[in-house]
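Take a look at the structure below.
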Amino acid sequence: MTKTFVNNAARRMSDEDLSPFMRQSNRLQLPRPTDTELSILRVLWQHGPGSVRETLKRFNEAQEAEAGYTTILKMLQIMTDKGLVERDDSQRPQVYRARVPQEQTQRQLVNDLLDRAFGGSAKELVMQALASKEASEEELAQVERLLDKLEGGGQ
């Protein structure tokens, strides 16, 4: 009985039933990449678009264990289905590129971590980040400049 109710309710709910915020966030929010997907995205962000073979070569240069051609091909196909990468079918071999910039993905991952692990407290996140790994003088100066900018209203 409950399953029938849930299925029928889900069928009746359309995009119009969702708030504008939910409609917008559903379209813009990409799935969180796995560790392997993130490694492949790093390759694409650092080196730009590439074929499976080029991506494989660069991926293996950055990893301790080597991946095979079919593994990277399958991962890129899955990432295409998820919307993490785009494939250019107009050329052979096909070329893959990251769909969103590195900064946008990082921001999404940090926001997710912030909500899940720190209850939305940016202060707690920053304190843990600084406590877990020693920051260079330049990194501390960047944090300080960012805080000054935020406290000054973005001026």
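Considering only residues of region 123-148 that are among the hydrophobic types (A, V, I, L, M, F, W, C) and loosely packed, with under 12 Cβ neighbours inside 10 Å, which is farthest from the chain's Cα centre (by Cα)?
Here the residue is ALA141.
Looking at (1) touching a Ser or Thr at 6+ places or on another chain (Cβ under 7 Å); (2) in contact (Cβ under 8 Å) with a residue 40 or more places away in the chain, can you tell me which one MET75 breaks?
(2)
Against the definition (at pLDDT below 95, not in a loop (DSSP other than H, G, I, E, B) and not aliphatic (A, V, I, L, M)), how does LYS3 come out, yes or no?
So LYS3 fits the description; yes.
Tell me the helices (runs of 4 or more DSSP H) entirely within region 58-155 that contain at least 1 residues that are touching a strand residue (DSSP E or B) at 6+ places or on another chain (Cβ under 6 Å) and assigned by TED's automatic domain parsing to the domain that holds ILE40.
Filter on region 58-155 gives 69-82.
Is there any pair with a first residue in region 109-126 that is free of Cβ contacts under 8 Å to residues at least 40 places away in the same chain and more than 23 Å from SER39 (Cα to Cα) and a second that is of a type in the set (D, E, K, R) and part of a helix (DSSP H, G or I) whose Cβ atoms are under 8 Å apart and which are 6 or more apart or on different chains, and what are they?
PHE118/GLU124
Only one of these is surrounded by 13 or more Cβ atoms within 10 Å (Cβ to Cβ) and under 30 Å from GLN142 (Cα atoms): LEU73, LEU114. Name it.
LEU114
The values are calculated or read from the model by the stated rules, or taken from the named source; none is laboratory data. In this text, all values refer to a predicted model and were calculated from it rather than measured experimentally. Cβ coordinates were reconstructed from backbone atoms using ideal geometry, including for glycine residues, and neighbour counts include every protein chain displayed.
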